[in-house]
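A short write-up of the structure that comes next.
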Amino acid sequence: MSEIRLSIAGMSCAGCVASVEKALNNVPGVVEASVNFAEHTATVTGDVDEALLIKAVADAGYEAAVMRGLDDESEKQAAETAYYRASMRKFIVAGVIGLPLFIISIFDLLPGVEQARALWLGIGLLSLFVLLYSGRHFFIGAWKAFRVHNANMDTLIALGTGTAWVYSMIITLFPDIVPAKGRHVYYEAAAIIIALINLGSALEMRARGKTSEAIRRLIGLQPRKARVIRDGRELDVPIDEVGLGETLRVRPGEKIPVDGEIIDGSSHVDESMLTGEPMPVEKQVGDTVAAGTINEQGSFLFRATGIGEQTALARIIEMVRRAQNTKPAIGRLVDKVAGVFVPVVLIVAVLTFLAWYNFGPDPRISYAVVTMMTVLIIACPCALGLATPISIMVGVGKAAEFGVLIRNGEALQEAGKLTAVVLDKTGTVTEGRPAVVDILPLDGHDRATVLAMAVAVETGSEHPLAQAILSAGEAEGVAASAAESFTAIAGHGVSATVDGTRILFGNDRLMQKEGIDIGEAGERLAALSGRGNTVMLLAIDGRLAGLVVVADPVKPDSAEAIARLHKLGIKVYMLTGDHADTARAVADKVGIDEVFAQVLPEDKDKHVAELQARGEIVGMVGDGINDAPALARANVGFAIGTGTDVAIESADITLMRGSLHGVADAIAISRATVRNIWQNLFGAFIYNTLGIPVAAGVLYPFTGLLLNPVIAGAAMAMSSVTVVTNANRLRFFRVKSS
Amino acid sequence: MNVFIVNGLGLLIIAGIIYWFWLSKPGAQKAEGETAIDVIVDNGVYDPARIEVPAGKTVTLRFIRKDASPCAAKVVFDDLGVTEELPVGKPHDVMLKIDEPGEYAFTCEMQMYRGVLQVV
């Protein structure tokens, strides 16, 4: 049973309270739901899914959000610290007892078991204390795992150290059962191995803490308090008490507490922590602001539109977390090996014992026990299992620092393999903010008429080019008539009737289609297009009446980012619905290899498929909305954003800032991460495939060399630490654009 | 004589390992649709480690992690593409609906904690 607090927006009367309460009470699992009209909140008790509550409120015609701040990492960190301390304590106890025993054993400082049985019995009991105090969890874990037909690391450690102790105790109590040469005891090995493995666990915990640095940094972005305005008074309240629709004030230098829309004032906001974009963004009334970003000089009021888990910051954290927990294909294969590893090692240990017992030199039993013990101790499936996820964790987190949100491990792995990148032109290579730069009236019409007609037919359209026309009309104070019989012809333009005349407005293909002769204007059109402009033609009653020239400036860093892609060995293509000359001019400016021009929106994915058929591994970069099929078709789809408004999760990789450098960053991080995974896997694989045979004594017949079980313990304890430390190197990865 | 006994015992242990860890399975605990089934995460094992769930019905597995070691930090249902972080000492619900009958493993990241969802 739990209590959930919801912020409810849209309630205007006491009657609303009843309908929201009814909606909530009808959700399965709700024991009680009560709505506070004054606070616009609801408190729900029961065993219930939050998503169902939000849906129930939405179905009733209101809006709800769970009121809580992002969970902080402090509890997790406290648990990790406690575990670290406990492991260190166990290490110190085992080390303090084990180290002197180890020195005694190496330098043979004490008489043998036959001569000083009582002394060795005491040492045996001391090492038993180590096993029980510092190693109890291994034995309990091994036994519990055994009962459910499972074998794990604990099994190997418990069997290895347990064998050492039991064998030593038997020798101490009944020395005569083995030949004189074999009366060696291994109490020190049991104690030191337990010490080393506890030390390894503690160090691994420390190193692992650093792997989640990126997520901690993101969580740390959310402020704890917010300044809300209630009944005309400004109050500082905890972040989880801010409701939807409340008005908040942000002062200079403060963090923005929740997502919202500015209703008064203006400022510049530093969004670099979310988008990687270093330049502060200007914000005015009507603009959106995101939780976690920092207000610079100005002060403003804003209305909360997203709280708790609805904020862009929360969604970014959720996406990064989820991605960090996914595995690419290489990881799955390794898991299959790790899954059967321990029982296989157990069998290898028994076979080692039998081999030494049957074919080894005297004292055979001694050799058989020591080699079996060493095999059990040296094997480390953890390093294998850890190799992939730990690198993904750091790699995905690192990418987020640069405003690159990777959806999953598979996308991370694929991005590194790309051989070709297809860029959508508008908004990707260019700013995506086209503006009218010239109007050329023809056939006796004047400039104002051409613009007025264009404005009339484009009113209401959301197309970026239409926006450019409407802005020009507004700037020039054009009074346009209403258009009738409006038809949009995808990839061509629009047709409509204005003041009884038929207007066609679009590209040259529209004119061709409608049989309109463009005559000498064709040359001007080619010349203007050749300079990278988009030229739209206007026809009135079947005759060409003018050209409207629109330019969309290239982003200042597009050329540099494309050069980086070339350096990474990637071919760069551009897709656009524009005229071929316009497209070529833009492509030449930024160094694009090949252009697909005059592509209809529905054909974009076909070009991606065509490149794939040529054997290319294709990344498609678009805005994530108009390019959805092409993004889905590509091996990796990149949605390029313009700040925190970007539709997160619309593609395999989301680039929070509008720069194409994000594509090169993502590919560079992907390659570095995959390289890191291979290093880890290679290390873990080599370690186990070399370590186990050496521990079993395969070198003995040739070199007389046998591995000391204590060395095996040290190697095992450090193998996982090495993997985590290698993954942590990715934290220092720097992309060239930064 | 000793040699025969030791070798015989060795082979018997190997047969035992193969039987116990690969051929035989622990008894499964049945999960009913409505109520959550508690899975204790401690001492290197999920308890219960084998859970029988009905196909096509949503079941809730309530993981209660007692082991603070990093190994127990995540539970991974690899075949289902589900990975959840488990907080220490706080119950964490994982809701699953599996349509296809069969066996679905759930493990820790390092494959040391191992459990099986038996979908019937």
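The long axis of helix A:364-378 is offset from the longest Cα principal axis of chain A by roughly 20 degrees.
Can you work out the accessible area per residue across chain A, with the rest of the protein chains kept in place, probe 1.4 Å, in square angstrom?
41
Inter-chain Cβ neighbour count for B:68-81, averaged per residue, equals 5 (cutoff 10 Å, partner chain atoms only). How high is the relative contact order of chain A, in percent, with contacts defined as C-alpha pairs under 8 Å that are six or more residues apart? So the answer I get is 13 percent. Per-residue shielding of A:335-344, expressed as the average number of other chain Cβ atoms within 10 Å of the residue Cβ, stands at 4. Each peptide among B:112-120, B:93-101 gets the average number of other Cβ atoms lying within 10 Å of its residues, and from highest to lowest they stand as B:112-120, B:93-101. Across segment A:512-528, rounded Karplus estimates of 3J(HN,Hα) from the backbone phi angles (6.51 cos²θ - 1.76 cosθ + 1.60, θ = phi - 60°) give 4, 4, 8, x, 9, 6, 9, x, 5, 4, x, 5, 5, 4, 5, 5, 5 Hz, Gly and Pro being marked x.
When the Cα gyration tensor is reduced to axis lengths a ≥ b ≥ c, the ratio a/c is 1.5 or higher for the protein assembly as shown, and with a/b above b/c it is classed as prolate.
Note on segment B:28-119: Kirkwood hydrodynamic radius from all Cα pairs is 12.8 Å, rounded to one decimal. Net charge dipole, segment A:416-504: roughly 400 debye, given to the nearest 20, about the Cα centre with Cβ charges of +1 for Lys and Arg and -1 for Asp and Glu. Share of carbon and sulfur in the accessible area of the protein assembly as shown stands at 57%, probe radius 1.4 Å. Ranked by the mean number of other Cβ atoms within 10 Å of their residues, highest first, the peptides B:5-16, B:48-59 come out as B:48-59, B:5-16.
At a threshold of 10 Å², the residues of segment B:95-117 that become less accessible to a 1.4 Å probe in the full protein assembly than in their chain on its own are B:Met95, B:Glu109, B:Met110, B:Gln111, B:Met112, B:Arg114. With all protein chains kept in place, the per residue accessible area of chain B amounts to 48 square angstrom at a probe of 1.4 angstrom. Relative to the longest principal axis of the Cα atoms of chain B, helix B:2-18 runs at roughly 20 degrees. Per-residue surface analysis assigns A:Asp623 an accessible area of about 50 Å², computed on protein heavy atoms at 1.4 Å probe radius.
Answer rounded, prolate or oblate for segment A:570-624, using the Cα gyration tensor with square roots of eigenvalues a ≥ b ≥ c: rounded when a/c is under 1.5, else prolate when a/b is larger than b/c, else oblate. Oblate, since a/c reaches 1.5 and b/c is not below a/b.
Using θ = phi - 60° in the Karplus curve 6.51 cos²θ - 1.76 cosθ + 1.60, the 3J(HN,Hα) couplings for segment A:553-562 round to x, 6, 4, x, 9, 4, 4, 5, 5, 5 Hz; x is entered for Gly and Pro. Legend: residues in segment A:385-427 shielded by at least 10 square angstrom of accessible surface upon adding the remaining protein chains to the isolated chain (1.4 Å probe, heavy atoms) are A:Gly385, A:Leu386, A:Pro389, A:Met393. Round to the nearest 10 and give me the degree value, 0 to 90, for the angle of helix A:447-458's Cα axis relative to the longest principal axis of chain A. Long axis of A:447-458 versus the principal axis of chain A: about 50 degrees. Between the listed residues A:Leu110, A:Met453, A:Tyr357, the Cα displaced farthest toward the positive end of the dipole of the protein assembly as shown, a dipole computed from Cβ unit charges relative to the Cα centre, is found at A:Leu110.
What quantity of accessible surface, computed with a 1.4 Å probe and excluding non-protein components, is buried in total between chains A and B, in Å² to the nearest 100? Looking at A and B, the buried total is near 3800 Å².
Summarising the strand pairing of segment B:28-119, around 60 percent of its internal DSSP beta bridges are antiparallel. Under a 5 Å amide H cut-off, with hydrogens placed 1.01 Å from N, A:Val437 pairs with A:Val549, A:Val550, A:Ala551 among residues at least 5 apart or on other chains.
Phi-derived couplings, Karplus 6.51 cos²θ - 1.76 cosθ + 1.60 at θ = phi - 60°, listed residue by residue for segment A:608-617: 5, 4, 4, 5, 5, 5, 7, x, 7, 9 Hz, with x used for Gly and Pro.
Among DSSP beta bridges whose residues both lie in the protein assembly as shown, state the antiparallel percentage, nearest 5.
Here the share of antiparallel DSSP bridges comes out near 75 percent.
Among A:686-695, A:185-194, A:162-171, the peptide with the highest mean count of other Cβ atoms within 10 Å heads the list, and the full ranking is A:185-194, A:162-171, A:686-695.
Dipole magnitude for the protein assembly as shown: about 4180 debye, using +1 per Lys or Arg Cβ and -1 per Asp or Glu Cβ, origin at the Cα centre. In segment B:42-56, comparing the full protein assembly with the chain on its own, the residues that lose 40 Å² or more of accessible surface at a 1.4 Å probe are B:Asn43, B:Val45. The mean number of Cβ atoms from other chains found within 10 Å of a Cβ in peptide A:137-146 is 5, as a whole number.
Positive contributions from Lys and Arg (+1) and negative ones from Asp and Glu (-1), summed over other residues with Cβ under 15 Å from the Cβ of A:Gly200, come out at +2.
For segment A:132-184 versus segment A:562-605, the inter-centroid distance based on Cα atoms is 67 Å.
The values are calculated or read from the model by the stated rules, or taken from the named source; none is laboratory data. Note that the coordinates shown come from a computational prediction; the quantities given were computed from them, not determined experimentally. Every residue, glycine as well, gets a Cβ built from its backbone with ideal geometry; the counts of neighbours run over all protein chains shown. Quick note on the areas: whole protein, heavy atoms, side chains included, nothing else; ligands and nucleic acids left out. Shrake-Rupley method; radii C 1.70, N 1.55, O 1.52, S 1.80 Å.
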